[in-house]
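In what follows, a structure is listed as structure tokens, so that the remarks can point back to it.
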Amino acid sequence: MATMLYRIGTLTYRHRWQTLVAWLILITGMAVAAAHLSQPIANNFTIPGLESVKAQDTIKERFNTSDDMLTAPTATVVVQAPEGKTLADPAVTAEVDNLITQLKNSGELTHTDTLVNPLTSATSMKQQLTQQKTAQGLPPEQIEADLKAISPVSEDLRTATFEITFDAPTVGDVTTKQRSAITTIIANNSGDVRTSYTGNVFQTKEAPGMQSELIGLGVAALVLLITFGSFIAAGLPLITAIAGVAIGLMGITAATSFTDSINSLTPTLASMIGLAVGIDYALFIVSRYRNELIDHIDGHELPPQELSKKLRTISMADRTHLAGLAVGKAGSAVVFAGLTVLIALVALVIVNIPFLSAMALSAAATVVVAVLVAITLLPALLGIMGTRVFSLTTPIVKAPDPEQEKPTLGLRWIRLVRSKPALFLVTGVVVLGSLAFPATNLRLAMPTDGTTTVGSPTRTAYEMIGEAFGPGRNNPMIAVVSGNPRTFGEDVAKLQQTDGVANAQVIKVNDAQDTAQILITPEYSATDTRTSDLLAKLRGGDNNYTITGMGPVFEDISQRLNDALLPYLATVLALAFLLLMLVFRSIWVPLIATGGFALSVAATFGLTVLLWQEGAGGIITDPQPLISFLPIMLVGIVFGLAMDYQVFLVSRMREGYLSGKTAGNAVANGFKHGARVVTAAALIMMSVFAAFMLIDEQFIVVMGFALAVAVFFDAFVVRMTIIPATLFLLGDRAWRLPRWLDRIIPNVDIEGEALQEDQGKVPLRS
């Protein structure tokens, strides 16, 4: 691998302008494709095969309708009279009527003939249903309870709801212009009536702006400047990372024309991952290139200005060769690290969840682009900058050279760990293990209006409905019952008697009279932990019905994801072990690496649950269950990042051991060489992920926090403390492999041994 990458590095460095033009053509082509193929992004979280989804399909089939609660372009508007007044007061009624008139005249809605004042529709509904239910022989108290459960007006006449339907086939087809027109009308309601809105249509969001990315880039620029001590060298990883993310996002935008599984979170997650790994991969290669240049001129002890001057004396042929060495050695680690991230993300497809697969594949594609950019475009840019790449040095910052005799901070730390390895090992494990304990209380849920930001229109509407009609109004369920009109009443009575059900009633019977829809109003909200128990009770036993609704759909999704988490984690751990055994040709190294990964993931889960779910310390004012697909996404992403640091740090240790150093000295020397760049990479990743906490999207906020914490735990506690401490304790045993296994495992040469042996054989000149 190293030899192949050496050739790629020298080729792109030598043909730098051609390489740059090729990438510019690709970027232009992707931009054109994105512009012509872009479609609105929808939040489609459905999963085929779930009981709730099958029930929805049954409704479509037996009721001969194309309506789907999951994709219908509908929304609910909530109106509330001022304190001390009711919706029946003439001034309030006039204001509501005016709002409805404006909505009708917006030109963005359909079925406007049925759009009337909720008081009018409530009166009509009461008359019609009272007659029907009386004819069915229902007692007055039951009729009253049924009317209360479905009435659009609250008992105190202060709050009401009415439904609007956008002029579009599905929720995904509703344009930003349509949503904005309606939300503007509602927001500009200048009277005393309080208004808000909720529904799938308003959960569909445009991709957020680039503010978070810019903040992450700013912090990354500062870290890179400190690392290299040069403005130009610091700028190159940023340029290549931005290019890679841009290509990835344009690809995602173009892909919206071919699938509806891409939701609003997909581009954000892809940019988060792509930006972090893109900067890191370029950082490793530029850092290795700098080391090769300094080795070439023996400039380890030179001050920045003299070093910059001496570097400019290196010939083009030698720089080409040295760039090839940098790509061959560091690039091997980059390719392997990218491969681990890629495999971890692509493996999520096995879970068979369309929206999760789309998120994972989009992020994986962005990682692939980041690797290709690092091993081709970056060497080309290094060639274009020529001898100026490490010029424009900072007057204050001096990037220390690990080859200098003066001990670096990394060397001082590793000497401390080496002095008491057992203490550092035990302390690290105990700390992470203690932080992992709260993960036992992990609760997962899909995002609803009740989990959106406090004060947002959808959250406000959710709270208004819950307070006026009861929490269950926000969590209706539908039982699809098979039978005949004589048995439907028995099914209603059975459902009504279930603890946790506030009301159950037949709301629709198909033409064949063999299937009915029974509306179930729970006593609990969608985010209440008792809702899961209620759904399990409703589905328990031998029933002739299935349950659907937004709440059951989301509960089924959460359960599917929860069931897939442990098998996926086991798969990832096994994969990590095999890949690392292949790379390091050792049993112990992959064993402690995967164990460390499990510790960092567990500690991350624990701290995230403690702060975001439990609200410990009052840091979070609105504690919520963690979004259902966060754990499995976190495992996949952290796996890749953990292997990054393992490869970049431990490969230098193994390189030293193979060159003849003792086991202890190899660990210390490898740590000395790799600590600075791994620290810089970790700080960059942490800053990029943490910057995404500024986005007004709960999942992204929590994901940004969890990833930043996971990087901290894995880089500084696991890779820089637990791993070297364990290697010191193991000594030579850490690098041994049984002979029979050594014979059958291929040698991927990630350390570039072949390049070291064949340096005299590779051409240095064009």
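Values as computed for the structure displayed
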| read-out | value |
| --- | --- |
| Size of electric dipole in the stretch 625-739: Cβ of Lys, Arg +1 and of Asp, Glu -1, about Cα centre, debye, nearest 20 | 740 |
| The stretch 399-544, dipole about Cα centre (Lys/Arg Cβ +1, Asp/Glu Cβ -1), debye to the nearest 20 | 740 |
| Over the stretch 605-672, equivalent-ellipsoid semi-axes from the Cα gyration tensor in Å | 41, 14, 6 |
| Net charge contributed by nearby residues that have their C-beta within less than 14 Å of ILE384 (K/R +1, D/E -1) | +4 |
| Cβ-defined net charge surrounding VAL711, 11 Å radius [Lys, Arg +1; Asp, Glu -1] | -2 |
| Protection proxy ranking of 370-380, 440-450, 6-16 - average other beta-carbon atoms within 10 Å, highest first | 370-380, 6-16, 440-450 |
| Ellipticity estimate at 222 nm from DSSP helix runs (n ≥ 4, -39,500 (n - 2.57)) divided over the chain, nearest 500 | -20000 deg cm²/dmol |
| Scattering profile of the stretch 594-728 at q = 0.09, 0.18 Å⁻¹ [log10 I(q)/I(0), Debye over alpha-carbon scatterers] | -0.31, -0.93 |
| Counted charge near PRO139, where neighbours are those whose Cβ lies closer than 15 Å (Asp, Glu -1; Lys, Arg +1) | -1 |
| Exposure proxy ranking, count of Cβ atoms within 10 Å, fewest first, for TRP740, TRP23 | TRP740, TRP23 |
| Segment SER66-GLU163, extension gain: residue separation times 0.36 nm, minus the distance between their alpha carbons | 33.1 nm |
| Order of GLU697, GLU655 - criterion: other Cβ atoms within 10 Å of each residue's Cβ, fewest first | GLU697, GLU655 |
| Unit charges on C-beta of K, R, D, E only; dipole of the chain, Debye | 3560 |
| Unit charges at the beta carbon, dipole of the stretch 72-204: most positive-side option, ALA72, VAL193, ALA91 | ALA72 |
| Dipole-positive endmost among ALA255, THR527, GLN613 within the chain (Cβ charges, Cα centre) | ALA255 |
| Order of SER651, SER659 under a 10 Å beta carbon neighbour criterion, fewest first | SER659, SER651 |
| Lys/Arg +1, Asp/Glu -1 at C-beta; the chain dipole; positive extreme among LEU5, GLN496, LEU348 | LEU5 |
| Unsatisfied cross-links (Cα-Cα over 20 Å) in the set LYS148/LYS537; LYS133/LYS537; LYS54/LYS494; LYS133/LYS508; LYS60/LYS148 | LYS148/LYS537; LYS133/LYS537; LYS54/LYS494; LYS60/LYS148 |
| Tensor-based shape of the stretch 72-204 (alpha-carbon gyration tensor, a/c under 1.5 rounded, otherwise prolate or oblate) | oblate |
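We did not get these values from a lab; they are worked out from the coordinates using the rules stated. Computed from a prediction, not measured in an experiment: that's the story for all the values here. Here the Cβ is made from the backbone with ideal geometry for all residues, glycine too, and neighbour counts use every protein chain on show.
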